[in-house]
Amino acid sequence: MSIEAHGIRKKFGSYTALDGVDLNVPQGKLVALLGPSGSGKTTLLRIIAGLEFPDAGSGRVLFHGDDVTDVPAGKRRVGFVFQHYALFRHMSVLENVAFGLRVRRRRDRPSSSAIIERAHRLLELVQLDGLAGRFPSQLSGGERQRVALARALAVEPKVLLLDEPFGALDARVRKDLRRWLRRFHDEIQLTTIFVTHDQEEALEIADEVVIMNKAHVEQVGTPQQVYDKPASPFVYQFLGNVNVLKAPALVPPRRPGPPDHEAADTQIYVRPHDIALTPHDAGGEGLSAIVRHIHAAGPYAKLLIEQVQSREHVEVEISRSELADMGLQVNDLVRMRLRQTHSFDEDYAI
Amino acid sequence: MRRATTDPAWARWLLTGIALAFLGCFLVLPLAVVFIEAFSKGIPYFLAAVREPDAMAAIRLTLMTVAIVLPANVVFGIAAAWAIGKFKFKGKSLLTTLIDLPFAVSPVISGLVFVLVFGAQGWVGPWLIDHNIRIIFAVPGIVLATAFVTFPFVARELIPLMQAQGTDEEYSAVTLGANGWQTFWRVTLPNIKWGLFYGVILCNARAMGEFGAVSVVSGHIRGETNTIPLHVEILYNEYNAVGAFAVASLLALLALGTLVVKSVIEWRQSASP
């Protein structure tokens, strides 16, 4: 089922959480709502779920083209997984999963044995059937997460909404679980939206990424589109490490004569791994810089260099073999060349 | 090996000794005296004192008062804690303070307030007399005063618990299709049941033992408006020490019973996940 939101506004007192947000999630996709905390992404998710309502007269939420703005959460057929899972602590894992079926009206409710069988099947689906009798407090974070998912799926939702699904897990489990979620999504083909502040997570598993900032949507696109063609400086900076450099220092003025004032305000964005370094003695193109710091523990060597002309500090990532080949030491002179840069000034092209 | 946090032996024995002596003097000894005095003239005398018609009337009145006050305060306590613990609204801190008011005010003042409002010279007293409704120096006054004094026990117990548990589980239940009533019975109530039970026990103990407020509004009419604590006082003032202690031992037994139930609850609570 597709999900649409049009012109959603939401204020909490004087604080604006969403300021005219549109969203369009096609059927069967896995979509990430990505943004820093306070960007409104969780509020948007809760409005889609029906746990919050948009400000009066502001916008509509459509499921498969039907207006559900005024439909209460319980009738929207959404599966919602809370950031801290919100499992019922006094119920066993099995009863947690069975809850959504047990609270149905008598004529829609399957028999008790059918409910239990269905709950077991769902626990098998999330690979936890062995833990049916446990209580939530006896599970690990990753297990709780999957119980919450099974519980949400028990009511046969039309859409699945996950609020920071991996936020409360440690780094290893996070990685395993997000790959598992991707495979799981491919298996069950349910339209899914998840909220995250972790750009790596969003770029790795989502079909489409919606980047939010300060109550607005900044950009929508596939992970590759938003990474390669960021629509704004915010998106560029949010999706990875970045150096912001003053343009005139890097580029000679376009025409001879007095300094170009237009270009003076322009800033150049360049990622640390898009900078090439060569030993200074080798000659050739590039700006001179001095190596100030080398951090070589990890898959890449991270260098902090100081550009001689502008005295700007620049972060550079090169492979460790490259570093070894050049034999660079702190205070060595190098030449730096920008392989790929971005600028958000429309009149200016590098 | 001596650890850095271990005091010398004499200090440990001294401190433990002081604590035990204190407990003995102020808790065990008085309690023991109650029972020793109650049975000092033998069991038949004890039974006679308890079965005496005025004593039986006092016990009945106390039990009746509790039977009215307890359910009322449970309903109120859950409602107030639910509102304060789970919702944001204007005047929330004022409501929290008001709930604490009966703790802050002396019970005698509480009783006096009811006399000033409902008494013969009070605000609505003349109207009540005209319509032949008796509140002060009658059972309704006793129920009102007891209810007021025991007002905070259940709510106070539940508010921090509900605040700590938050609203995520309720929201979960709602997204899974539960209606408000199902959410309350299947999610909210089971999560607070031990805290609620604990609040009920404390409320019950206080309702049975309340003296000050009830004393002001009751009028001390024997066999009619005397509760157990008031009856004990009357017997004692009439130099019927054994009778007073016999009836008092009933209250003491209740207190002990309450403590046992409370310990069992705490034990269950720490044992259950």
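The values are calculated or read from the model by the stated rules, or taken from the named source; none is laboratory data. Since the structure is predicted, the reported quantities are computational estimates derived from the model, not experimental observations. No Cβ is skipped: glycine too gets one built from the backbone with ideal geometry, and neighbour counts run over all protein chains shown.
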A:VAL81 vs (1) more than 13 Å from chain B (Cβ to nearest Cβ); (2) touching a strand residue (DSSP E or B) at 6+ places or on another chain (Cβ under 6 Å): all pass except (1)
Picking from B:GLY177, B:GLY209, B:GLY166, B:GLY219, the residue that is of a type outside the set (Val, Ile, Thr), under 23 Å from the mean Cα position of the chain (by Cα) and on the phi > 0 side of the Ramachandran plot would be B:GLY219
Residue count, segment B:140-198, condition in a loop (DSSP other than H, G, I, E, B) and either within 30 Å of B:PHE118 (Cβ to Cβ) or more than 8 Å from chain A (Cβ to nearest Cβ) (or both), comes to 3
For A:LEU139, the lone unmet condition from (1) within 11 Å of chain B (Cβ to nearest Cβ); (2) in contact with a Ser or Thr (Cβ under 8 Å, 6 or more places away or on another chain); (3) not small (Gly, Ala, Ser) is (2)
Taking segment B:217-239 and keeping only residues that are closer than 21 Å to B:LEU112 by Cα and of a type in the set (A, V, I, L, M, F, W, C), one is left with B:VAL217, B:ILE221, B:ILE228, B:LEU230, B:ILE234
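Yes/no per residue for (1) at pLDDT below 90; (2) surrounded by fewer than 17 Cβ atoms within 10 Å (Cβ to Cβ); (3) farther than 25 Å from A:ALA49 by Cα:
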position	(1), (2), (3)
A:ARG106	yes, yes, no
A:SER137	no, yes, yes
A:ARG151	no, no, no
A:PHE166	yes, no, no
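Each row is one residue, and each column tells you yes or no for (1) within 17 Å of the chain's Cα centre (by Cα); (2) closer than 26 Å to A:GLN224 by Cα.
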{"residue": "A:THR16", "(1), (2)": "no, no"}
{"residue": "A:VAL21", "(1), (2)": "no, yes"}
{"residue": "A:LYS29", "(1), (2)": "yes, yes"}
{"residue": "A:ALA32", "(1), (2)": "yes, yes"}
{"residue": "A:GLY35", "(1), (2)": "yes, yes"}
{"residue": "A:GLY40", "(1), (2)": "yes, yes"}
{"residue": "A:PRO54", "(1), (2)": "no, no"}
Among A:VAL147, A:VAL173, the single one that is outside any strand (DSSP E or B) and within 23 Å of A:PHE99 (Cβ to Cβ) is A:VAL147
Of the conditions (1) away from chain A (no Cβ under 12 Å); (2) modelled with pLDDT of 90 or more, the single one that B:ILE221 does not satisfy is (2)
Checked pairs for segment A:84-96, first under 18 Å from A:VAL126 (Cα atoms) and within 7 Å of chain B (Cβ to nearest Cβ), second hydroxyl-bearing (Ser, Thr, Tyr) and outside any loop (DSSP other than H, G, I, E, B), C-beta under 7 Å and 6 or more apart or across chains, list as A:ALA86/B:TYR171; A:ALA86/B:SER172
When segment A:99-116 is checked residue by residue, the ones that are at the interface with another protein chain (Cβ under 10 Å from one of its Cβ atoms) and not charged (D, E, K, R) are A:PHE99, A:GLY100, A:LEU101, A:VAL103
Of the residues in segment B:227-263 that are buried (at least 16 other Cβ atoms within 10 Å of the Cβ) and of a type in the set (Ser, Thr, Tyr), the one that is nearest to B:ARG60 (Cα to Cα) is B:THR227
**Study point:** Check on A:ARG144, farther than 16 Å from A:ILE193 by Cβ, away from chain B (no Cβ under 12 Å), buried (at least 20 other Cβ atoms within 10 Å of the Cβ) and at pLDDT 90 or above
**Key:** yes
Restricting segment B:106-151 to residues that are hydroxyl-bearing (Ser, Thr, Tyr) and out of contact with any Pro (no Cβ under 8 Å at 6 or more places or on another chain), the one surrounded by the fewest Cβ atoms within 10 Å (Cβ to Cβ) turns out to be B:SER106
Note: among A:ALA56, A:ALA119, A:ALA49, A:ALA73, just one is closer than 30 Å to A:LEU18 by Cα and more than 9 Å from chain B (Cβ to nearest Cβ), namely A:ALA56
